[in-house]
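Asks: Sharing a structure here in structure tokens format.
The values are calculated or read from the model by the stated rules, or taken from the named source; none is laboratory data. The model shown is predicted, which means the values in this text are computed figures rather than measured ones. A quick note on method: Cβ atoms are made from the backbone with ideal geometry, for glycine too, and the neighbour counts reach across all protein chains shown. Quick note on the areas: whole protein, heavy atoms, side chains included, nothing else; ligands and nucleic acids left out. Shrake-Rupley method; radii C 1.70, N 1.55, O 1.52, S 1.80 Å.
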Amino acid sequence: MAREITGFSNPLVKRVRSLREKKYRKAEGLFLAEGLRILTEAREEGVLPEMLFHAGSTHKLAIDLIAAMEAAGGDVIETSADILSKISGKDNAQAVVGVYRDRLTPLERLDRTKADIWIVAQSLRDPGNLGTILRTGDAVGAGGLILIDDCVDPFSVESVRASMGALFTQSITQARWGEFMHWLRQGPGELIGTSLKATHDYQEPRYASPSFLLVGNEAQGLPEFYEAECDLLVKMPMLGKADSLNAAVATAVMAYELLNQKRKR
């Protein structure tokens, strides 16, 4: 049953607004997503929010989303555009904001056989890069994104926004390096890293399946110890003055090389 909230001081507004901060997201196991595109992507993947806030939108996608929530017995709250702005932290708030249960998949529950490509990111710091890497994973049909060590929060408002809905199509896992390597070596999987010290051009090897593409920190790249544990180290040609690509761009180049090789088999 839909309800209405009109006051900025409403406790639910304060609670939901607090999810913009990591400590509250972690404590509640919830995160925010905003915008019809992202929430519709989630619905098409069979994921509905636990709470849906809207400002009386008459857009067909909003109507469909509200109907799906009501049919599932979800919590639908109609409010004002100003309160949506307060919740989302944006002056020009989107028409809808959803509150979702976090989507972390434990490492031991990953099915490595469900996809030929997996992306592994180590100490990634930028939410825009994380969101873009999720979108790349979705585009190449990757199984998911495995975040190693201390990465940016994948459920921050900025990361969710940058993912453009790919957050709901890709599994997301968090692990320490030792945990990941122990799990990886329990089954099939080739670990591929990129490094300026590599001797192989990235188009030279024939990559095995499943391929685990390892991406390093934006500033430092991969630690030497991590590089040493890779099955393959490759590099992309840099013909200009730049000595490296943006982490998300490099990931996309490598991911599409993996995809193209597998398409041609």
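Asks: Over 19 Å between Cα atoms, which of Lys114/Lys262; Lys197/Lys264; Lys114/Lys235 qualify?
Replies: Lys197/Lys264; Lys114/Lys235
Asks: Once the Cβ-Cβ distance between Ala72 and Arg263 is put in as r, and R0 is 45 Å, what FRET efficiency do you end up with, to the nearest 0.05?
Replies: In this case the efficiency is close to 0.75.
Asks: For the charge dipole of the chain, defined by +1 on Lys and Arg C-beta atoms and -1 on Asp and Glu C-beta atoms about the Cα centroid, which residue among Gly46, Gln122, Ser171 has the Cα displaced farthest towards the positive pole?
Replies: The residue sitting farthest along the positive end of the dipole is Gly46.
Asks: Where the centroid of each part is defined by its Cα atoms, how far is the stretch 188-247 from the stretch 16-61 in Å?
Replies: That distance is 35 Å.
Asks: To continue, here is another question. Put Asp149, Asp201 in order of accessible area, largest first, 1.4 Å probe: what do you get?
Replies: Asp201, Asp149
Asks: All other residues with a Cβ under 10 Å from the Cβ of Pro205 taken together, and with Lys, Arg as +1 and Asp, Glu as -1, what is their net charge?
Replies: Around Pro205, the charge tally is -4.
Asks: Mind pulling the angle between the C-alpha long axis of helix 60-71 and the longest principal axis of the chain? Nearest 10 degrees, somewhere in 0 to 90.
Replies: Relative to the chain, helix 60-71 is tipped by roughly 80 degrees.
Asks: While we're on this one: Could you compute Rg(Cα) / (2.2 N^0.38 Å) for the chain, with N its residue count?
Replies: Rounded to two decimals, the normalised Rg is 1.11.
Asks: I would also like to ask the following. Which lysines does Lys26 reach when only Cα atoms under 26 Å apart count, and residues fewer than 8 places away in its own chain are ignored?
Replies: Lys14, Lys86, Lys90
Asks: Okay, moving on. Using modelled amide H (1.01 Å from N, peptide plane; none on Pro or chain starts), what sits under 5 Å from the amide H of Gly143, excluding residues fewer than 5 places away?
Replies: Residues meeting the amide H criterion: Ile117, Trp118, Ile119.
Asks: Hey, another quick one. If we count every other residue with Cβ under 14 angstrom of Thr40's Cβ, Lys/Arg +1 and Asp/Glu -1, where does the sum land?
Replies: -2
Asks: Same structure again: Taking amide H positions as placed 1.01 Å from N in the peptide plane, with prolines and chain starts having none, which residues 5 or more places from Val215, or on another chain, fall under 5 Å of its amide H?
Replies: HN-HN under 5 Å from Val215: Val120, Ala121, Gln122.
Asks: Still on this structure, please answer the following. Check which residues have an amide H placed less than 5 Å from Ala55's amide H, if you skip close sequence neighbours.
Replies: The list, which skips near neighbours in sequence, is Thr79.
Asks: Rounded to the nearest 0.05, what FRET efficiency do Val249 and His59 give with R0 = 30 Å and r taken as the Cβ-Cβ distance? Could you check?
Replies: 0.35
Asks: Which percent of the accessible area of the stretch 1-115 is formed by carbon and sulfur heavy atoms (probe 1.4 angstrom)? Working shown, then result.
Replies: On the way: 2900 of 6240 Å².
Result for the stretch 1-115: 47 percent of the exposed heavy-atom area is carbon or sulfur.
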